[in-house]
Amino acid sequence: MRDYTASSYGRNGEVADICRLFDNDRDVSMPGPRRLGKTFVVDRLKDAAPGKGWRAIKVEVAGCSDTASFFREMCTGIDKALPATSSASMMITQRLGQVLNPRQDRTGHWSQQLLSVDHQSYFERQLKALHEDPGQRTALLIDELPIFLKALHDKGPDGVQNARNLMNLLSRLRADHPRVRWMITGSIGIEPLARAGNYMGVLAKFVTFELLPLTAGQARDFLQDLARDGQLMHRREITDSEAEAVIAATGWCAAYYLEALAQKLSGEPCADQVRASQAVEAAVGSLLQPAEMATFGTWEEHLRKHYHDDERVLAFAVLGALAPEAQGLSLSTLLAAIDQPALTRHGLRGLLLRLHADGFLDVDDWEADEPMVRFRNLLLRRWWYRFQPQAAR
């Protein structure tokens with residue numbers, strides 16, 4: 001396994017920055033588009049945290065559909081992360097009896113008794129034990145919290161109220177247990193949910209940490225290491241010219257898409273720029289095939305799952321209008337191309353803001369009267385143009 005601490009693309013700077021925020025008693029929100037590498041950063045943070053004075057516990061909550069399953073997942077994640085001999089684990093075990101029915105049969109391993117626990121109460125006791133642990137500070141890394149909150153919102157007014165109550169509870173728990181720091185990530189925007197649910201005040205207590213794509217130099221190192229490590233199907237070497245061509249064809253240096261394109265690169269390594277560009281263009285042609293639908297289809301799925309009704313129709317219309325335009329379109333030209341009489345410039349700006357946050361688009365200057373709008377991921381633009389997804393299905 002590669003030692004990412006020695007890799008330019010190992011997100012070591014980001015990990016150090018986040019730990020410094022923890023050191024300064026700040027909690028972190030790291031939103032970002034899908035496939036940008038948020039989970040990689042969380043995993044790197046989990047691995048590197050002990051060397052920086054932290055115990056990092058990662059919990060994935062995207063599959064939770066109600067508050068009961070959320071608290072159960074949090075309890076399970078914390079229990080699994082703590083060695084049985086740790087002081088925090090022993091304190092948690094001692095408190096287990098406080099949330100169990102005193103009359104119930106307690107035979108068998110204590111972890112089996114969690115099946116009948118009030119998980120919210122147990123979670124609160126876990127936090128108290130972590131907070132009081134004299135030997136270790138703890139960071140809770142909650143991956144994909146917005147997807148869980150969206151599942152609550154989709155249940156209607158009661159679900160939105162449950163989301164608000166949950167976020168207010170977490171805010172109180174954060175204040176009560178300051179030796180436990182929090183980090184939340186999400187591939188869908190949490191701010192629209194917070195506005196709709198009236199819990200923006202809770203979100204404002206988190207420092208927003210913007211995760212950026214890899215730089216060109218980091219992307220080149222990543223591609224060449226993939227080849228050297230035997231991670232590519234057809235190559236054991238990628239030249240600088242080929243790496244530059246892959247980066248140019250991708251346009252957005254997310255490791256997932258850099259690797260997806262590099263996997264299609266075949267033939268002998270070539271240092272000549274023209275021939276390298278031709279080889280990469282052939283690889284793009286191999287990648288943009290129906291058999292590779294899973295590589296890009298998650299973006300279409302994202303719109304269908306997380307955009308509602310008219311907003312979803314308009315989003316598909318915007319992307320359909322932009323897909324043929326490699327240089328993008330101005331706001332007015334895009335508005336005319338969509339041809340939706342009820343859509344105003346202001347309404348279009350609001351939709352573009354969400355599509356930008358979700359990673360679909362770039363807008364070059366939000367303050368300009370006529371900003372240019374284009375696909376962020378050049379491979380996604382070409383896929384969208386080729387297969388032309390539609391809102392209705």
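The values are calculated or read from the model by the stated rules, or taken from the named source; none is laboratory data. Given the structure is predicted, the values throughout are model-derived calculations rather than measurements. FYI the Cβ positions are ideal-geometry reconstructions off the backbone, even for glycines, and counts take in every protein chain you see. Please note that ligands, DNA and RNA were not included when accessible areas were found on the heavy atoms of the full protein model with its side chains. Shrake-Rupley method; radii C 1.70, N 1.55, O 1.52, S 1.80 Å.
Assorted remarks:
- Positions within the stretch 215-251 being part of a loop (DSSP other than H, G, I, E, B), touching a helix residue (DSSP H, G or I) at 6+ places or on another chain (Cβ under 7 Å) and on the phi < 0 side of the Ramachandran plot, in sequence order: Leu232, Arg235, Arg236, Glu237, Ile238, Thr239
- Residue count, the stretch 39-62 (criterion: of a type in the set (Gly, Ala, Ser) and surrounded by 19 or more Cβ atoms within 10 Å (Cβ to Cβ)): 3
- Total residues in the stretch 328-353 satisfying the condition of being open to solvent by 60 Å² or more (accessible area, probe 1.4 Å) and within 27 Å of the chain's Cα centre (by Cα): the figure is 2.
- Of the residues making up the stretch 215-224, just one is of a type outside the set (A, V, I, L, M) and either open to solvent by less than 20 Å² (accessible area, probe 1.4 Å) or free of Cβ contacts under 8 Å to residues at least 24 places away in the same chain (or both), namely Gln224.
- Filtered residues of the stretch 267-278 (kept if open to solvent by 20 Å² or more (accessible area, probe 1.4 Å) and within 18 Å of Leu232 (Cβ to Cβ)): Gly267, Glu268, Pro269, Ala271
- Just one residue in the set Arg34, Arg44 is touching a Gly at 6+ places or on another chain (Cβ under 8 Å), within 25 Å of Gln231 (Cα to Cα) and assigned to a helix (DSSP H, G or I); that residue is Arg44.
- Exactly one residue out of Glu311, Glu237, Glu281, Glu325 is over 18 Å from Arg386 (Cα atoms), modelled with pLDDT of 95 or more, open to solvent by 10 Å² or more (accessible area, probe 1.4 Å) and out of contact with any Cys (no Cβ under 8 Å at 6 or more places or on another chain), and it is Glu237.
- Some residue of the stretch 128-138 being farther than 22 Å from Val15 by Cα and in contact with a Cys (Cβ under 7 Å, 6 or more places away or on another chain): no
- If you check Leu193, Leu212 for being buried (at least 18 other Cβ atoms within 10 Å of the Cβ), at pLDDT below 95 and either part of a loop (DSSP other than H, G, I, E, B) or under 21 Å from the mean Cα position of the chain (by Cα) (or both), only one passes: Leu193.
- Any hit, the stretch 159-177, residues being among the basic types (Lys, Arg), free of Cβ contacts under 8 Å to residues at least 24 places away in the same chain and at negative phi: yes
- All positions within the stretch 175-190 that are under 16 Å from Ile18 (Cβ atoms) and either open to solvent by 10 Å² or more (accessible area, probe 1.4 Å) or among the polar types (S, T, N, Q) (or both): Arg181, Thr185
- Cβ-Cβ under 8 Å pairs, at least 6 apart or on other chains, the stretch 333-358 side closer than 14 Å to Leu322 by Cα, far side open to solvent by less than 30 Å² (accessible area, probe 1.4 Å) and part of a loop (DSSP other than H, G, I, E, B): Leu335/Leu343
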